[in-house]
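Take a look at the structure set out below.
The values are calculated or read from the model by the stated rules, or taken from the named source; none is laboratory data. Remember, predicted model here, so these are calculated numbers, not experimental data. Cβ placement follows ideal geometry from the backbone for every residue including glycine, while neighbour counts extend to all protein chains displayed.
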Amino acid sequence: MKYMSNIGFLLLALLLTLHVKAVENLKENFATEDDKVKYLSLNYPEKAIQFYKQNAPRLSETNNEQTVSIYTSILVAASNIRDITLIEQIVEEVTQNRLAQFRPPYDFSIINVIGVSYGMNFQYAESVQAYQCALEYSRNNLEKMIAKMNLAIAYRMAGQPAFSYQILQSVDEAILSGRRLASLFVVRGNTAMALKKVKAAITDYKAARNHYLKGEHHRNANRVTVNLLGAALVDRRLTLFDEFRKSLQPESQSYLTENEQAYLAWLDLMYKSVRQKKLSKLAINNTKLLLPKLIAGGYEPVVNQLFSSFSAEYIGQSKVQPNNVERRLNAGLIASWCPAI
């Protein structure tokens, strides 16, 4: 999932715990064609899209549940690599009347992927609306929890962390375990950072990391470690920073997305300024260069808080837009499900 920002990764990770089921462990032998496409959409999105392009005419004439499943997986792949045109095309296909009777088991997943797609394209208002719609289509407590967590992320990214915090208070930890519980701690930690509750964020990040390691999800453990490092710097806990920075060996950094790698490089620069108690010109200049990636990754609260501590808050508050948005997604992709939202 190397194409994804950290926020997109978490959104899809929450969703795909439901969508993929047992398929994620398959390598070569697939029981059905849609199992194969599910696997490809997660691990090799370009190959999943290649499959779709080769089979699009056939799929457009096939009316069954397997076709809806395949469309859902292709939507995941298209969202993964932010193929705007294909996302819109798949939503148009899957909402055709011919598939209406087969779509209900997949409605929740489809709407969530649409929310992911909006979020990854920095259209957070539309992302919020999609997750509000997903809540209406949730069929059980677990789906409701996933929709709430995604909605909380979208609100935070839209600059409304107070709403995010309120939503997270309604998530029942008791129904979660393992990776899903770890994901909740990550979302709570990120929201706490946005609300300047740094000590609470550190506690949540540590809890998330421990749950990931307990389940041997080392990739995710490394990624949340990066978040923990940012909170440690803001709280001026350099010993804590040193302890966890050592755990990120060069080979483990390959697990990080481009935005996360930029954030880690920035944290290493800021560490020197924090230790010296003086903001260096190198840190200032590199912040300006990296700021679009830091914003895209959802790290602006840390940028603002660290620069504020050096009486240089204006740098972190620059209205820099992410530079990799080619065009906006159609704002009405959820209209077939929730026309009133």
* Structure fact -> Selection from the stretch 38-65 of residues more than 13 Å from A77 (Cα to Cα), part of a helix (DSSP H, G or I) and without any contact (Cβ under 8 Å) to a residue 24 or more places away in the chain yields Q54, N55, A56, P57, R58
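Does L12 satisfy being crowded, with 23+ Cβ neighbours inside 10 Å, in contact with a helix residue (DSSP H, G or I) (Cβ under 9 Å, 6 or more places away or on another chain) and either modelled with pLDDT of 80 or more or in a helix (DSSP H, G or I) (or both)? If you could, list the steps in order and put the result at the bottom.
Numbers: crowded, with 23+ Cβ neighbours inside 10 Å: yes; in contact with a helix residue (DSSP H, G or I) (Cβ under 9 Å, 6 or more places away or on another chain): yes; either modelled with pLDDT of 80 or more or in a helix (DSSP H, G or I) (or both): yes.
Criteria met by L12.
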* Filter result for R156 (assigned by TED's automatic domain parsing to the domain that holds S254, within 30 Å of E243 (Cα to Cα) and either surrounded by fewer than 18 Cβ atoms within 10 Å (Cβ to Cβ) or not small (G, A, S) (or both)) -> no
* Asked: Take the residues of the stretch 270-299 that are touching a Leu at 6+ places or on another chain (Cβ under 7 Å) and under 20 Å from D242 (Cβ atoms): which is surrounded by the most Cβ atoms within 10 Å (Cβ to Cβ)?
  -> M270
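Residue-by-condition table, conditions (1) more than 25 Å from K148 (Cβ to Cβ); (2) out of contact with any Pro (no Cβ under 7 Å at 6 or more places or on another chain); (3) buried (at least 23 other Cβ atoms within 10 Å of the Cβ):
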residue: V198; (1), (2), (3): no, yes, no
residue: D204; (1), (2), (3): no, yes, yes
residue: H217; (1), (2), (3): no, yes, no
residue: F244; (1), (2), (3): yes, yes, no
residue: P250; (1), (2), (3): yes, yes, no
residue: Q253; (1), (2), (3): yes, yes, no
* Boolean, D35 is under 16 Å from A335 (Cα atoms) and in contact (Cβ under 8 Å) with a residue 12 or more places away in the chain -> no
* Keeping to the stretch 95-117, report how many residues are surrounded by fewer than 24 Cβ atoms within 10 Å (Cβ to Cβ) and either at positive phi or of a type outside the set (S, T, N, Q) (or both). => 9
